[in-house]
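The values are calculated or read from the model by the stated rules, or taken from the named source; none is laboratory data. Everything quoted here is computed from the prediction, not taken from an experiment. Every residue, glycine among them, receives a Cβ derived from its backbone with ideal geometry; neighbour counts consider all protein chains shown. Calculation scope for accessible area: heavy atoms of the full protein, side chains included, ligands and nucleic acids excluded. Shrake-Rupley method; radii C 1.70, N 1.55, O 1.52, S 1.80 Å.
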2 protein chains.
Amino acid sequence: MNIKGFTFSAVEAAIKKPGRLDLALILSEKPAAVAAVYTTNRVKAAPVLLSMERTRNGHCQALVVNSGNANACTGGQGMDDARETSRLVAEGLGIPDEAVLVSSTGVIGQNLPMERIRRAVPPLVEGLSEGTLADLAAAIMTTDTFPKMAVREGKAAGIPYVIAGVAKGAGMIMPNMATMLAFMVTDAAVDPAWLQQVFRDANDASFNIISVDGDTSTNDTSLIMANGAAGNIPIRPGTPESAQFAELLHEVLLTLAKDIVRDGEGATKFVEITVTGAVSNAEAKQAAMAVANSCLVKTAFFGQDANWGRILAAVGYSGARVDQDRLALRFDDVLIAQDGVLVGGDAEARSTAVLHKKEFAVTVDLRLGDGRATVYTSDLSYDYVKINADYRT
Amino acid sequence: MNIKGFTFSAVEAAIKKPGRLDLALILSEKPAAVAAVYTTNRVKAAPVLLSMERTRNGHCQALVVNSGNANACTGGQGMDDARETSRLVAEGLGIPDEAVLVSSTGVIGQNLPMERIRRAVPPLVEGLSEGTLADLAAAIMTTDTFPKMAVREGKAAGIPYVIAGVAKGAGMIMPNMATMLAFMVTDAAVDPAWLQQVFRDANDASFNIISVDGDTSTNDTSLIMANGAAGNIPIRPGTPESAQFAELLHEVLLTLAKDIVRDGEGATKFVEITVTGAVSNAEAKQAAMAVANSCLVKTAFFGQDANWGRILAAVGYSGARVDQDRLALRFDDVLIAQDGVLVGGDAEARSTAVLHKKEFAVTVDLRLGDGRATVYTSDLSYDYVKINADYRT
């Protein structure tokens, strides 16, 4: 698939174990509008600090990203390494230093192996002639088990354009950006100020409604480059084109976000959690997130146990206003609790059957107001513990 | 050990699996001053609602507690069952209904097996002649692997008194009360108004600084009965007696709280987490709790991995003010990170040695102010997942 005016490359720089792509590059043939959201963690990796600075003016031309090393908690040396990486790439491409963004994911607290990166940049730049977006998706994987890509096609005043994206997730997945990198490109021309807005909204309704383990990483980055190579008149807010673009962008991000949950570390279940009837949408999200982040709920999912009591308990401590005598709970369409107590008959047996599915929905109705929210989460399995107990060994 | 004016009893009521004590009773020979703190969860078990109402006047005479069933999310039937349990006990003891508190722990969402409780109350009351505090400690266990008891002796104006307590913990352990029951008795006479205050303070500095899994249960209760049978003049605030009583009470609660962490579900490590140099004590606790609750940090503890980066990342997202370039981190007395970056030499090897101990300390210095806090947590192991995946089966 071709996204006009963008080229991609990925190489093995030996940052990760041998035989795996770990250094990748996106180049736009001309400067692109850029919008980005970064981790809210107060401990920010060097590449995040550098890219935050460089996306402030709303434009960039290239992005270099490595996996295997987060370049976080690396102090002044980390900043020097991030800057050197961008300078090497800028020189190779013949573009200004400031037009190159840098991103990293992997182990925290170790310096980047700069000798290997210096050796890898020339083949990385050369590879732009034949690389694909799929190479990029593969190169940013850490404990991910499959690459994550999504593509949508739209038209602006009859001119076709593409929005495509890749993401990595796996661990430290929690709203406000997780150990999550997501890079989107579009050849559509988009009004730069509106791009910031629509991109932020799309993130709030995708990457910020998923949770694997409640940890927010030091490196989270989600960004989009829009280079206008499709040749359309820039999409502006309040037009039919902007409505379509916003919808397609949200679809790309939500597809990637759901895939991140499906591929959560050790995940065996994909669970959609909806809270309705809250006093506000914000309280609904608070309640849904408490359920999504509860270790006790997530281990029950892993055990295929329709433990509705733990779910109501999580809603109860979420901070959302709750009247325990009004609560209703469904597993898919099976009503198991009403007015805060167990429903009789075969509800428990039918709920257990739902829990045996790989993907299912949990719906809690607070019956207090019109607030509602949906979030996505995985279970908590032996493999989550195994992966994270052994991560650095 | 004798606590004047208190008797204890525990029986097998067949609420749990056969062969285990699961119904227990504390009786004070005369009405005792009582202070209590209850779960902050908005979903509260029936016995919590009933006991909250009955401790409001500051006095009670007996407590009946069962394990194996939480009587939570059981609606009006649950309230009826809690009231009936207290009435049966009150009738057996010949004291007013309102003087009997009720507490429950175990599975959420199932009705109490009242037929079994009705049969068990007569032998429970009869057993008061020979029961001990240790029987009570055993009867409230659920997934606990050992009973938890603590005793301290003091003197008020030369008159000896005893403060003793039992607790159960294991899962759903998180500040603001966990699935945690703790019952203290003292034969000291204590000014009732001050008892409320000193007991609340002692809870804040013990049960509210531990975390096993971040879940707050529907049933948490911590209470103390002070019956004055020691014969001292009631202890009043601002006296040497009150200082000693407060200290001993805190020791009893902290001993129980630490034992709850040591016996956390699947726990293989006991970790003391201290944050110093925060802008305030509150922010220090916020940061320490973020570390204590991080699944990624806790799995690293289980893996005996000195993953200091995850700890700094948790501090970073805690909400506490942080300057990442000032952070210092120690495992016991081994400095592994300073100014936010790894210390060279053999710090990593020595840190790994610390992580192989069963109990160790993590200290993070934010170097911003004078705020400090210490909390206690366990690791996150395969067994935590196993216990909670299979809990109801």
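To keep it simple, each residue is scored yes or no on (1) assigned to a helix (DSSP H, G or I); (2) buried (at least 23 other Cβ atoms within 10 Å of the Cβ).
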position: B:Val65; (1), (2): no, yes
position: B:Gln77; (1), (2): yes, no
position: B:Asp80; (1), (2): yes, no
position: B:Val89; (1), (2): yes, yes
position: B:Ser103; (1), (2): no, yes
position: B:Gly109; (1), (2): no, yes
position: B:Arg118; (1), (2): yes, no
position: B:Leu136; (1), (2): yes, yes
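Residues in segment B:28-48 that are aliphatic (A, V, I, L, M) and touching a Gly at 6+ places or on another chain (Cβ under 9 Å): B:Ala32, B:Ala33, B:Val34, B:Ala35, B:Val43, B:Ala45, B:Ala46.
State all residues of segment B:27-46 that are away from chain A (no Cβ under 14 Å) and more than 14 Å from B:Ser222 (Cβ to Cβ); if no residue qualifies, say none.
Applying the first criterion (away from chain A (no Cβ under 14 Å)) to segment B:27-46 yields B:27-37.
Those that are away from chain A (no Cβ under 14 Å) and more than 14 Å from B:Ser222 (Cβ to Cβ): B:Leu27, B:Ser28, B:Glu29, B:Lys30, B:Pro31, B:Ala32, B:Ala33.
For residues that are open to solvent by 10 Å² or more (accessible area, probe 1.4 Å) and not polar (S, T, N, Q), scanning just segment B:283-294, find the one that is nearest to A:Ala292 (Cα to Cα).
Step one: filter segment B:283-294 for residues open to solvent by 10 Å² or more (accessible area, probe 1.4 Å), giving B:283, B:285-286, B:289-290, B:293.
Going one step further and asking which of them are not polar (S, T, N, Q), we end up with B:283, B:285, B:289-290.
Values: B:Glu283: 25, B:Lys285: 24, B:Met289: 19, B:Ala290: 17 Å.
Taking the candidates together, the pick is B:Ala290.
With respect to the conditions (1) open to solvent by 30 Å² or more (accessible area, probe 1.4 Å); (2) within 20 Å of B:Ala35 (Cα to Cα), B:Thr268 falls short on a single one, namely (2).
With the requirement that a residue be surrounded by fewer than 24 Cβ atoms within 10 Å (Cβ to Cβ) and either in contact with a His (Cβ under 7 Å, 6 or more places away or on another chain) or within 7 Å of another protein chain (Cβ to nearest Cβ) (or both), what does segment A:308-336 give you? Passing the criteria: A:Gln324, A:Asp325.
Within segment B:289-303, the set of residues being more than 8 Å from chain A (Cβ to nearest Cβ) and not in a helix (DSSP H, G or I) is empty. Within segment A:327-349, the set of residues being in contact with a helix residue (DSSP H, G or I) (Cβ under 7 Å, 6 or more places away or on another chain) and among the acidic types (Asp, Glu) comprises A:Asp332, A:Asp339. Selection within segment B:337-352: residues that are without any contact (Cβ under 8 Å) to a residue 12 or more places away in the chain and away from chain A (no Cβ under 13 Å). The member of this set that is least open to solvent (accessible area, probe 1.4 Å) is B:Ala349.
Please find, among A:Ala267, A:Ala361, the residue that is away from chain B (no Cβ under 11 Å), assigned to a loop (DSSP other than H, G, I, E, B) and within 24 Å of the chain's Cα centre (by Cα).
A:Ala267
Would you tally the residues in segment B:1-25 being charged (D, E, K, R) and closer than 25 Å to B:Gly228 by Cβ? Within segment B:1-25, residues that are charged (D, E, K, R) and closer than 25 Å to B:Gly228 by Cβ number 1. From (1) of a type in the set (A, V, I, L, M, F, W, C); (2) within 11 Å of another protein chain (Cβ to nearest Cβ); (3) over 22 Å from B:Ser211 (Cβ atoms), pick out the condition that doesn't hold for B:Leu368. Evaluating B:Leu368 over (1) of a type in the set (A, V, I, L, M, F, W, C); (2) within 11 Å of another protein chain (Cβ to nearest Cβ); (3) over 22 Å from B:Ser211 (Cβ atoms) leaves (2) as the failure. Inspect segment A:221-238 for any residue being open to solvent by 30 Å² or more (accessible area, probe 1.4 Å) and over 30 Å from A:Ala99 (Cβ atoms) and give the result as yes or no. Scanning segment A:221-238 turns up at least one residue that is open to solvent by 30 Å² or more (accessible area, probe 1.4 Å) and over 30 Å from A:Ala99 (Cβ atoms). Within segment B:174-197, residues that are away from chain A (no Cβ under 14 Å) and closer than 27 Å to B:Arg42 by Cα have Cβ atoms under 9 Å from residues that are at pLDDT below 85 and in a loop (DSSP other than H, G, I, E, B) in these pairs: B:Leu181/B:Gly169; B:Leu181/B:Asn219; B:Leu181/B:Asp220; B:Ala182/B:Gly169; B:Ala182/B:Ser206; B:Ala182/B:Asp220, counting only partners at least 6 apart in sequence or on another chain.
Of all residues in segment A:252-265, those satisfying the criterion of being in contact with a Ser or Thr (Cβ under 9 Å, 6 or more places away or on another chain) and charged (D, E, K, R) are A:Lys258, A:Arg262, A:Asp263, A:Glu265.
Per-residue answers, yes or no, for (1) in contact (Cβ under 8 Å) with a residue 12 or more places away in the chain; (2) open to solvent by less than 10 Å² (accessible area, probe 1.4 Å):
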| site | (1), (2) |
| --- | --- |
| B:Ile3 | yes, yes |
| B:Lys16 | yes, no |
| B:Gly19 | no, no |
| B:Thr39 | yes, yes |
| B:Val48 | yes, yes |
| B:Ser51 | yes, yes |
| B:Arg54 | yes, no |
| B:Gly68 | yes, no |
